[in-house]
Structures are given as structure tokens and as C-alpha cells.
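What follows is one structure encoded as C-alpha cells, with my remarks underneath.
Just so it is clear, none of the values below were taken in a lab; they were calculated from the coordinates. In this text, all values refer to a predicted model and were calculated from it rather than measured experimentally. Glycine also receives a Cβ, built like all others from the backbone with ideal geometry; neighbour counts cover every protein chain displayed.
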Number of protein chains: 2
Amino acid sequence: MSDFPKHVEFHEEGPREGFQIEKTIYPLEERAALVDALAESGLVQIQVASFVNPKTVPAMADAEQLFAAIHRKPGVRYTALWLNEKGFHKAAATPGVDLDGKLMFYATDGLSMRNNNCTADIMHERQIGWADLYAEHDVPLESAYIMAAFGCNFEGPVPLSRITDIARFMVERFSDEGRPIPRIYLADTVGWANPEEVKRRIAAVREIAPEARIGLHLHDTRGLGGANVYAALQMGVDLFDSSVAGLGGCPFANHGDTSAAGNVCTEDMVYLCAELGIETGIDTEALVEAGRLAEKIIGRRLNGKLIRNGSLEKYRREAG
Amino acid sequence: MSDFPKHVEFHEEGPREGFQIEKTIYPLEERAALVDALAESGLVQIQVASFVNPKTVPAMADAEQLFAAIHRKPGVRYTALWLNEKGFHKAAATPGVDLDGKLMFYATDGLSMRNNNCTADIMHERQIGWADLYAEHDVPLESAYIMAAFGCNFEGPVPLSRITDIARFMVERFSDEGRPIPRIYLADTVGWANPEEVKRRIAAVREIAPEARIGLHLHDTRGLGGANVYAALQMGVDLFDSSVAGLGGCPFANHGDTSAAGNVCTEDMVYLCAELGIETGIDTEALVEAGRLAEKIIGRRLNGKLIRNGSLEKYRREAG
């Protein structure tokens, strides 16, 4: 039988992933309202914005104002993304940002060059510096992402050995130095994962870093998002990034078509967990309402399914 | 480990499911061209149309002409749907229809009343007559569908015992009478299934009718279609109905919103199989082209993901 976790944690990325990829800049108060609606659903962590170059990503230029506009709910972490030390400093200087000490590893030079203008190996060495920086700011080291963990649109298939090499680097340069990385995320922003490869890579990373909690950052680029989440649940994974209404995407995967397919959809995956008897602490119906708000703001049909058809709660209630 | 089948058969239902649910009547030659494109992909069975009351379903009124317009490809079965004996007689009188002897069982009175204007029990008794009728026409008894096999929008949850009762009816009234039903389908047109329930119900039916091949007819109403297919593959299921580009839907599940969510998407699920190393005999790229044709005909964005983002073949080829 399956080794399902009892409780699963979803980290909402819709506000950051979703609006970052759009060409339109949506009104600040609408974006803040979406964050507030998401917080009401019981989500414990919401990635609000990224601190990146405003010239490259104009949609994120007002990240500081957005954090100021949120009505903070106790118990919810409002996080941000940064891609370099400069971004971290901006985030650290912004009131209301809950800093999570995260590292970024790359399985391919191709994606690392695009995102960081350096090879993956150089980026990995830089992560030592990131960890030092977090320590200086009293930000606990929390998680490490392995980007392009299943494949890369610039380099093709990523062999499993590349992932295990990175996991070994984490152990040798962090665990063995007395500062283990609590969470390791396999990230598939470009939609290469399939359920069996999800299982294989989780098992391989666990073997090398058994003390780390595994997380998944999955996109639904080729329609396998739900199957991949289910496969991870079967492996006992209890930590997922996701986006309300399936917002988000990847500029390299979707060829500029921002509605082609985004992250796995939070409310659909929360519903999957509920149907499987796995707790999430999230009110599916409230999340569906947040998803509908997201759709209203974006102004076009989004990819989530529950925002269209609802959960089964209504039918079960009527049936008594 | 998983008990994947070596080879999986997909039966395409897009032309029937997809156009049947639409209010628009699309040009006959375009629908015929879609059937022809699907046949080129390597699909072995395509459900072209239904023989139903043209007043209720005007989109299917020209089923006979549609069959005449198809350029038949050897090795492909061009099938039809009927909901009663009158429909079967029409199908049998239409040149080009490959008659498959199928029965229809209902897990709930609610859905049976809507579709057949009789209770499920009466409908089940009628199936004896259907089987006799097929025998008279030398049509081999081939499959039995259990409708609302996971739940029903009119009656709520469907207990597992209801499914096993129907399976027992099949054994007692068919197998024991010397005419076993070769294939039993669990049908979830209303989107109640989840992966664990898929496994549970497959196992339960197999226990009662071990000689039957199990098929699944799944819809992606709540975003679990792919996970449900994957769960069935893990159980060794090798027979699926599906629709190109995710066409189709259910008037009772989608509240008249024909684009809310249809059947599981053929090319996305063929891609899933390919990624898992399971043969289908289908050319994914040709099927993606057929999906894009379907989208062009329907004239709005369809739910399939590969029609947007393509498979990984291109990237793998470029990577050498």
C-alpha cells in the first residue's frame, strides 16, 4: 500500500509566479486582496513577490508596496523570492517580508546561465556565501532548491547522477560542516517530470540526505502535474509548492504563452489530498473562492479545475 | 513496485463526446477530417458519433452522413454510441459503423432515470435483452459500462457495495449463462473518482469477475484525471477511453459550461504512458496535431496540455 503522509503542507506561489509571468501590471490593491483571500483559506505560507531587477521584471517593481498593502494574518508566513544577494538585501530591508533561508542549485548550466549568468558549479559555490549571509542576518537556513531537477529545455534530459551529485555537495559542504539543509526541493519549472521519475529521484536524494525533508515544486506543463503530486504522496512527501487556480508558468517552457500551463493548482491538489484522507489544514471552498478571485483579476480563464466545477462537498451535503 | 501493463489501448471518444456536448453544429467535413486525423495517429478505435434522438441532441443528427464522409483506414474500428435498442438498430443500419456489443449498467437510479427514464435495476434487466439483440445480429458481446461508478451528482457518494453488486449481477446473469462479458468499464463521467478509489474499485471488480479485462472511462472534472489514469496503470489496467485535446464533458457535471473539463486528454495520457515506458502504438506528435485541429474546429482554447506545450521529443532530439 501507499505510504501517504498524514499531513501535507502547501506553500502558495500564485501571487509571485502568477503575476511575475504576466505582461500586464495588475492593480496593487487587487494583488493584495488575492494574498489576503489566500491567507483566509488556511494556507500557512504565501510567496507574495520577488525582489528582482525591476527593468527585467516590471511586474515585481512594487514588491515593497505590495507587502505594505497586505493585511497580515497571524500564523501565515509572507515570503519572497530573490535570485541573488542583492535581491535578498532588498527583501531583508522590506517590512513584512518573512525571510526564509533558501538556496538555489541548478542541475544544468543552461538554466543557470539564463537565470544567474554563471555555470551551475559556480552557482553552487555561491550558495556557501548565501548561507553565510543568512547566518549574518539570523535567518535560519531552511531549504535548497534543485532547479531543472528532471530535465531542461536548454540541455535536454538530466541524468539522475546529476541530482545525486548535487545532493552529495549539499551533504559535504553543509551537513558535514554542521549546518544541514532542512528541506531539499526538486523543482520542475519546465515540465519534464513523470510519476516514476518523481519517485526515483525522491528515493535517490533521500538515500544521500536522509535527514532532509523533501519538497516538490511542480508545474503542469504537460498534463502530468496531478499524477506527479500523487506519486510524491505515495513516497510520503508532505511539502509542495503550488499556485492558486494553476497560475504561473515558466517563460522558457511556455514560449511566452502565459496561460499555457502554470504550477500545479493549489486547490485541485488540496482537494486530491482531502479525497485521499490527508490533512492540509486548508479550507478547499475558501481556496476555490480565492482561485475565482485570481481569475477575475487576471481576466481570462485559468487552468484550475475546481474553480470551474467545484468540489464534491455540495453533492455530499445534499445527499446527507 | 508498480504493476504497469506492457501495452495500453486508448479508445478515442473526442468526436462523439466533444461535438455532442456543444451547442454549435460544426461542419460535417471538419468533423470527418478530425476523425481522419485521429486515425492517422495509430489509434485503433474511434467513437465517431452517437445514434440518439436528434431532437434532444441535434449535433448528432447527421451521424449517418458523418460515417459516410470518413476516409476509412484499415485496422481502425469506427464505433458509435447508442443508449437504447432503437439507437442500436439505427447504428446497425448505417454503413461503416463497427458495431461493438456494449452494455450499460448504472450505479444510481438518479443517473439512470435521466439517461434511460427507468431505474438502474430495470436498466440492468434490459441488458439481458441488449445481449440477446447483439447475438441476433452476430455482434459479439464485448463490454459493459458501469456508469456513475464512483459517485453521482444526483445521489451523492456511491458505496463500493453497489459496484460489487453490479459485478455480481454480470457474473450471475452473463458468465454463469455461458456468455461472459469480456470487458468491464468503470465510468466516471461526473468526476468523482480519486486515485485510491480507482484502485479499490478495480480490485473489487477483479475479485468478482477475474476473467474480465478492466477499462476506465474517466473525466478530468476536478483535475484528478491524470492521477486517476496513473493509479489505474499501477493496477495493470490497459484499456482507457479518452478524448483528443480533452474534448467532451458531461451536461450534468459541467453545468452547461462545455469547456469546463472534458474526458481525460488522449495525447496527454499517451505521453504519460510513453514517459513510463508503456507502449500504446500511437504517435504522440501526430495526435498532438489532431488535437490542434480539434481546437481549430471548436474555435476556443481546449483543455489538453500537449497541444500547448508539445511533448519532450523536440528537446530530446536537440540534445542529441
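Neighbouring Cβ atoms within 10 Å as the yardstick, rank A:H89, A:H124, B:H71, A:H219 fewest first.
Ordered by Cβ neighbours within 10 Å, fewest first: B:H71, A:H89, A:H124, A:H219.
In nm, give the distance between the simple-model label positions of B:E177 and A:A68, each being 7 Å from the Cα along the Cα-to-Cβ direction.
Placing both labels 7 Å along Cα→Cβ, they lie 7.8 nm apart.
So, R0 is 30 Å and r is the distance between the beta-carbons of B:N53 and A:R317; what FRET efficiency does that work out to, to 0.05?
The pair B:N53/A:R317 has a calculated efficiency of 0.35.
Just the C-alpha atoms of the protein assembly as shown: what Rg/Rh do they give, with Rh taken as the Kirkwood radius?
1.00
Calculate how large, on average over all directions, the projected area of the Cα convex hull of the stretch A:162-320 is; give the answer in nm² to one decimal.
So the mean shadow area of the Cα hull is 10.8 nm².
Of all DSSP beta bridges located in the stretch A:101-242, what percent are antiparallel, nearest 5?
10
Whole-Hz Karplus ³J(HN,Hα) for the stretch B:303-320, in order, using 6.51 cos²θ - 1.76 cosθ + 1.60 and θ = phi - 60°, x for Gly and Pro?
Each residue's phi maps through the Karplus curve to give 7, x, 9, 5, 4, 7, 9, x, 7, 8, 3, 4, 5, 5, 5, 4, 6, x Hz.
For the residues B:I122, A:I307, B:I208, what sequence is obtained by ranking on other C-beta atoms within 10 Å, fewest first?
With the sparsest Cβ surroundings first, the list reads B:I122, B:I208, A:I307.
Inter-copy label distances at B:R200, 7 Å along the Cα→beta-carbon direction, one decimal in nm, shortest first?
3.2
Quick one: check the C-alpha center-to-center distance for the stretch A:126-153 versus the stretch B:9-32, whole angstrom.
Result: 50 Å between the Cα centres.
Output, in nm with one decimal and in ascending order, the distances from the A:D138 label point to the matching label points of the other copies (7 Å from Cα along Cα-to-Cβ).
8.9
Could you pull out the pairs from A:K73/B:K305; A:K55/A:K90; A:K23/A:K55 whose alpha carbons sit more than 24 Å apart here?
A:K73/B:K305
Using a label point 7 angstrom from Cα along Cα-to-C-beta, what distances in nm, from shortest up, separate B:P157 from the other copies?
4.4
Under the √(5λ) rule applied to the eigenvalues of the Cα gyration tensor, what semi-axes describe the equivalent ellipsoid of the stretch B:28-92? Give them in Å, descending.
Over the Cα atoms of the stretch B:28-92, the ellipsoid semi-axes are 21, 13, 9 Å.
Most mobile of A:T108, A:T94, A:T266 per a Gaussian network model of chain A (Cα springs, under 10 Å)?
Looking only at A:T108, A:T94, A:T266, the largest GNM fluctuation is found for A:T94.
Only bridges whose two residues both fall in chain A count here: according to DSSP, what percent of them are antiparallel, nearest 5?
That works out to approximately 10 percent antiparallel.
Mind listing the Cα extents of the stretch B:100-237 along all three principal axes, in Å, largest one first?
42, 33, 24
Report, to one decimal in Å, the Kirkwood hydrodynamic radius for chain B based on all distinct Cα pairs.
This gives a value of 19.7 Å.
Calculate the FRET efficiency for A:A93 and B:L160 from the Cβ-Cβ distance with a Förster distance of 51 Å, rounded to the nearest 0.05.
E between A:A93 and B:L160, to the nearest 0.05, is 0.35.
Taking θ = phi - 60°, what integer Hz values does the Karplus form 6.51 cos²θ - 1.76 cosθ + 1.60 yield along the stretch B:176-187, in sequence order, with x for Gly and Pro?
5, 8, x, 9, x, 8, x, 10, 10, 9, 9, 10
What FRET efficiency would be calculated for the residue pair B:E40, A:H137, taking the C-beta separation as r and a Förster radius of 45 Å, to the nearest 0.05?
0.15
For each of B:R222, A:R179, count neighbouring Cβ atoms within 10 Å of the residue's Cβ, then give the residues from fewest to most.
A:R179, B:R222
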